[in-house]
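**Student:** My questions all concern the structure below.
The values are calculated or read from the model by the stated rules, or taken from the named source; none is laboratory data. This one's a predicted model, so the numbers in the text were calculated from it and none came from an experiment. Cβ placement follows ideal geometry from the backbone for every residue including glycine, while neighbour counts extend to all protein chains displayed. Please note that ligands, DNA and RNA were not included when accessible areas were found on the heavy atoms of the full protein model with its side chains. Shrake-Rupley method; radii C 1.70, N 1.55, O 1.52, S 1.80 Å.
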Amino acid sequence: MIIIFCDIDGVFTNARTGWYTFDLQAVNFIRWVCKHTGAKIVISSTWRFSRNKKFFNHIFGTENIHKDWKTPAKMSSSRGDEIAMWLKGRQDVEKYLILDDDTDMQSDRYRDWE
């Protein structure tokens with residue numbers, strides 16, 4: 001399985017569309033990617049604290065959201081650490097992609113998983 005970890009601010013919302021308005025080109029593109037690769041989306045954005053799975057199903061399509069749809073909430077960790085925690089022990093994940101405008105996704109954090 002391919003997993004796409006998605007941040008929202010700066011990736012799917014931006015200054016051009018407005019910070020609370022989704023960029024439809026970006027959303028349609030990620031839906032297309034999921035359809036053609038079988039990838040599933042996991043929300044790594046802080047939006048996971050204020051929105052529920054139903055909200056993200058509506059935006060990205062129910063078929064594209066992973067059943068474990070969000071990374072764990074560890075406010076003292078970096079987003080990269082939260083992604084590493086989500087990945088730990090998941091034998092079914094073959095590849096993953098992180099879509100984020102932050103830089104705390106250090107590759108050495110994932111060595112235990114690989």
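**Student:** What is the one condition in (1) under 20 Å from M1 (Cβ atoms); (2) assigned to a helix (DSSP H, G or I) that N28 does not satisfy?
**Tutor:** Single failed check for N28: (1).
**Student:** Which of the residues that make up the range 15-39 are out of contact with any Asp or Glu (no Cβ under 6 Å at 6 or more places or on another chain) and open to solvent by less than 60 Å² (accessible area, probe 1.4 Å)?
**Tutor:** Result: G18, F22, D23, A26, V27, I30, V33, C34, G38, A39.
**Student:** Please specify each residue of the range 72-104 satisfying the condition of being open to solvent by less than 40 Å² (accessible area, probe 1.4 Å) and either touching a Lys or Arg at 6+ places or on another chain (Cβ under 7 Å) or of a type in the set (D, E) (or both).
**Tutor:** G80, E82, A84, D100 - these are the residues of the range 72-104 that are open to solvent by less than 40 Å² (accessible area, probe 1.4 Å) and either touching a Lys or Arg at 6+ places or on another chain (Cβ under 7 Å) or of a type in the set (D, E) (or both).
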